[in-house]
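Colleague: The structure under discussion is supplied below as structure tokens; questions concerning it will follow.
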Amino acid sequence: MSMFQLTEEQKMLRDTAREFVNAEIKPIARQIDENEQIPLELIRKMGEMGFLGASFPPEYGGGGFGEVGYCLMQEEIARGCMSTATFIGAHQSIGSNAIFIGGTEALKQKYLVPLAEGKMIGAFALTEVLAGSDSFNLRTKAVKDGNEWVLNGEKMWITNGNIADVVSVFARTERGITGFVVETKWKGYESGAPEKKMGIRGSATSAIALQDVRVPAENIIGDDGRGFIVAMKTLDAGRLGLGAACTGAAKELLEQSTMYSKTRKQFDVPIAQFEAIQWMLAEMATTIYAMESLVYRTAHDYEAGKSISRQSAMVKLFCSEGLDRVADMAVQIHGGMGYSRELPIERFYRDARINRIFEGTNEIQKLVIAKDVLKRNGVLN
């Protein structure tokens, strides 16, 4: 983070988020995991604190903290609960952000403001059965009918899909892929039962079905046929938030592992004195430093208006795999207690694994990075 200094406002956001996490999230994180649900009261409180629109300008109901501020906040949220960080990411970083990136001024005032203020919950719907890694292969269709569009199709693995008020939905029209703002109260929108998952259990994930959902023409996100560009730009930013959440979780695991190694004794001495433990702590710290550097350098570039497709793919790839390594070492340092639900280590271990899959699998990130490397060297056009 040496490329820039945090503003006083950004420091305030980070510190406020840390205090909130310690007081409101950490005490119920295990409950969120076991009940497989984030309490609506917690969501309401986060909205009141300004956490659900921190990145957006004040004129759209946000806190004006930008991407750097958002990443700082997500770090702190993830230190308490990865499920809650996932909820915020789907709501703000992709669901609402698609409207911010491609929506008209009227669309932003109508939807982005209440989303940023936490009065509505948002989601992002791109993935389908045949359009996961191959996200261009959408089957959901939108047909123009007068001043409305009629949407039909199914989406899967939609975070917040069954609790959202507003969803940024991407469908295929005659001109190509197009984004639409869909209100879940409209006739024809249905969400499936919450998925039973290995990790991030508190984050609501479901399929959604669209059957003759009529959407006003003014609810197009961007231009007809230009939705894929909006979706990819949205995911670029989303991967930054994911990297920040991974960094926060990794920092929490390092802190807990360090404290445990000071109190846990074997052979009448704290295990922190053993070289094997010290090496793991050193690897964890070094990985976190690299994760943090990638996240904030890229967030800084994003705020400067630079294209970050290559960099955000690197952030997602490195940070998700970095968190897996850190979580594995944390379990090893804690031994049997790391495998027990008595401590939060095993929850972090389970929660970590999804980050290599969603928001574009790591294999896709490698393709993005490799193609950019080859283009820069004249191998590809």
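The values are calculated or read from the model by the stated rules, or taken from the named source; none is laboratory data. If you're wondering where the values come from, they're calculated on a predicted model, not measured in any experiment. Cβ sites come from the backbone with ideal geometry, for glycine too, and all protein chains shown count toward neighbours.
Colleague: Which one of 352, 285 is free of Cβ contacts under 8 Å to residues at least 60 places away in the same chain and either in contact with a His (Cβ under 7 Å, 6 or more places away or on another chain) or surrounded by 14 or more Cβ atoms within 10 Å (Cβ to Cβ) (or both)? Give the derivation first.
Modeller: On the way: 352 fails: free of Cβ contacts under 8 Å to residues at least 60 places away in the same chain.
Result: 285 is the single residue among 352, 285 that is free of Cβ contacts under 8 Å to residues at least 60 places away in the same chain and either in contact with a His (Cβ under 7 Å, 6 or more places away or on another chain) or surrounded by 14 or more Cβ atoms within 10 Å (Cβ to Cβ) (or both).
Colleague: Shifting gears a bit: Could you identify the single residue in 264, 341, 297, 310 that is basic (Lys, Arg) and touching a Gly at 6+ places or on another chain (Cβ under 9 Å)? Don't jump to the end; show me each part of the working.
Modeller: Numbers: 341 fails: touching a Gly at 6+ places or on another chain (Cβ under 9 Å); 297 fails: touching a Gly at 6+ places or on another chain (Cβ under 9 Å); 310 fails: touching a Gly at 6+ places or on another chain (Cβ under 9 Å).
Within the list 264, 341, 297, 310, the selection yields 264.
Colleague: A further question on this structure: Which one is farthest from residue 203 (Cα to Cα), of the residues in the range 132-150 that are assigned to a strand (DSSP E or B) and of a type outside the set (D, E, K, R)?
Modeller: Step one: of the range 132-150, the residues assigned to a strand (DSSP E or B) are 141-145, 148-150.
Adding the requirement that they be of a type outside the set (D, E, K, R) leaves 142-143, 149-150.
On the way: 142: 29, 143: 32, 149: 30, 150: 29 Å.
My answer is 143.
Colleague: Could you check the range 219-233 and list, in sequence order, the residues that are crowded, with 20+ Cβ neighbours inside 10 Å and under 23 Å from the mean Cα position of the chain (by Cα)?
Modeller: 221, 222, 227, 230, 231
Colleague: Does residue 90 satisfy being of a type in the set (Gly, Ala, Ser) and in the same structural domain as residue 208 (by TED's automatic domain parsing)?
Modeller: On the way: of a type in the set (Gly, Ala, Ser): yes; in the same structural domain as residue 208 (by TED's automatic domain parsing): no.
It is false that residue 90 is of a type in the set (Gly, Ala, Ser) and in the same structural domain as residue 208 (by TED's automatic domain parsing).
Colleague: Output the residue which, of all residues in the range 7-17 that are touching a Gly at 6+ places or on another chain (Cβ under 9 Å) and not β-branched (Val, Ile, Thr), is farthest from residue 288 (Cα to Cα).
Modeller: Kept after step one, since they are touching a Gly at 6+ places or on another chain (Cβ under 9 Å), are these residues of the range 7-17: 7, 9-10, 13-14, 16.
Next, from what is left, pick out any that are not β-branched (Val, Ile, Thr): 9-10, 13-14.
Working: 9: 24, 10: 20, 13: 21, 14: 18 Å.
Among residues in the range 7-17 that are touching a Gly at 6+ places or on another chain (Cβ under 9 Å) and not β-branched (Val, Ile, Thr), the one farthest from residue 288 (Cα to Cα) is 9.
Colleague: Of everything in the range 1-45 that's polar (S, T, N, Q), surrounded by 13 or more Cβ atoms within 10 Å (Cβ to Cβ) and not in a helix (DSSP H, G or I), which residue is modelled with the lowest pLDDT?
Modeller: Restricting to residues being polar (S, T, N, Q), surrounded by 13 or more Cβ atoms within 10 Å (Cβ to Cβ) and not in a helix (DSSP H, G or I), the top hit is 7.
Colleague: From 107, 151, which residue is surrounded by 22 or more Cβ atoms within 10 Å (Cβ to Cβ) and modelled with pLDDT of 95 or more? I'd like the intermediate steps shown before the answer.
Modeller: On the way: 107 fails: surrounded by 22 or more Cβ atoms within 10 Å (Cβ to Cβ).
Matching residue, one of 107, 151: 151.
Colleague: Which of the residues spanning the range 192-221 are aliphatic (A, V, I, L, M) and in contact with a Pro (Cβ under 8 Å, 6 or more places away or on another chain)?
Modeller: Correct list: 204 only.
Colleague: Does residue 283 qualify as being at negative phi and touching an Asp or Glu at 6+ places or on another chain (Cβ under 9 Å)? Break it down into steps so the answer makes sense when it comes.
Modeller: Working: at negative phi: yes; touching an Asp or Glu at 6+ places or on another chain (Cβ under 9 Å): no.
Spelling it out, it is not the case that residue 283 is at negative phi and touching an Asp or Glu at 6+ places or on another chain (Cβ under 9 Å).
Colleague: Related question: Only one of these conditions is not met by residue 340: (1) touching a helix residue (DSSP H, G or I) at 6+ places or on another chain (Cβ under 9 Å); (2) polar (S, T, N, Q); (3) within 29 Å of residue 66 (Cβ to Cβ). Which number is it?
Modeller: (3)
Colleague: If you don't mind, another one. So which strands (runs of 3 or more DSSP E) stay within the range 151-218 end to end and still have 2 or more residues that are farther than 18 Å from residue 90 by Cβ and more than 18 Å from the chain's Cα centre (by Cα)? Outline the logic, then answer.
Modeller: Working: elements: 166-173, 176-183, 189-191, 205-216.
So the answer is 166-173, 176-183, 205-216.
Colleague: Also, I was wondering about something else. Could you list all residues from the range 46-75 that are closer than 26 Å to residue 157 by Cβ, not aromatic (Phe, Trp, Tyr) and not in a loop (DSSP other than H, G, I, E, B)? Give the derivation first.
Modeller: The first filter runs over the range 46-75 and keeps only residues closer than 26 Å to residue 157 by Cβ, leaving 46-47, 51-56, 67, 70-71, 73-75.
If we keep only those that are not aromatic (Phe, Trp, Tyr) as well, we get 46-47, 52-55, 67, 71, 73-75.
Once the filter is applied, which keeps residues that are closer than 26 Å to residue 157 by Cβ, not aromatic (Phe, Trp, Tyr) and not in a loop (DSSP other than H, G, I, E, B), the range 46-75 yields 46, 47, 67, 71, 73, 74, 75.
Colleague: While we're on this one: For the range 234-248, indicate whether the set of residues that are among the basic types (Lys, Arg), at pLDDT 95 or above and in contact with a Ser or Thr (Cβ under 7 Å, 6 or more places away or on another chain) is non-empty. Steps first, answer last, please.
Modeller: In the first step, residues of the range 234-248 are kept if they are among the basic types (Lys, Arg); the result is 239.
Pick out the ones that are also at pLDDT 95 or above and you get 239.
So of that shortlist, the ones also in contact with a Ser or Thr (Cβ under 7 Å, 6 or more places away or on another chain) come out as 239.
Scanning the range 234-248 turns up at least one residue that is among the basic types (Lys, Arg), at pLDDT 95 or above and in contact with a Ser or Thr (Cβ under 7 Å, 6 or more places away or on another chain).
Colleague: Here's another thing I want to ask about it. If we only count helices (runs of 4 or more DSSP H) wholly inside the range 265-381, which ones have 3 or more residues that are more than 18 Å from the chain's Cα centre (by Cα)? If you could, list the steps in order and put the result at the bottom.
Modeller: Working: elements: 275-303, 309-334, 336-339, 345-352, 362-376.
Ranges flagged: 275-303, 309-334, 336-339, 362-376.
Colleague: If you don't mind, another one. Go through (1) free of Cβ contacts under 8 Å to residues at least 60 places away in the same chain; (2) part of a helix (DSSP H, G or I) one by one and return the number of the condition residue 256 breaks.
Modeller: Condition (1) is where residue 256 drops out.
Colleague: Another question about this same structure. Please go through the range 1-59 and give me each residue that is of a type in the set (Val, Ile, Thr) and under 19 Å from residue 91 (Cα atoms), ordered by number. Walk me through how you get there before you give the answer.
Modeller: Narrowing the range 1-59 to residues of a type in the set (Val, Ile, Thr): 7, 16, 21, 25, 28, 32, 38, 43.
Scanning the range 1-59 gives 21, 25, 32, 38, 43.
Colleague: Being touching a Lys or Arg at 6+ places or on another chain (Cβ under 9 Å), crowded, with 17+ Cβ neighbours inside 10 Å and of a type in the set (S, T, N, Q), is that true of even one residue in the range 234-248?
Modeller: No, the range 234-248 contains no residue that is touching a Lys or Arg at 6+ places or on another chain (Cβ under 9 Å), crowded, with 17+ Cβ neighbours inside 10 Å and of a type in the set (S, T, N, Q).
Colleague: Quick one: residue 317 ticks every box in (1) buried (at least 20 other Cβ atoms within 10 Å of the Cβ); (2) in contact (Cβ under 8 Å) with a residue 60 or more places away in the chain bar one, so which box is it?
Modeller: (2)
Colleague: Does the range 115-131 hold any residues that are part of a loop (DSSP other than H, G, I, E, B) and either without any contact (Cβ under 8 Å) to a residue 40 or more places away in the chain or of a type in the set (S, T, N, Q) (or both), and which are they?
Modeller: So the first thing to find is which residues in the range 115-131 are part of a loop (DSSP other than H, G, I, E, B), and the list is 117-121, 126-127, 129-130.
Passing the criteria: 127, 129, 130.
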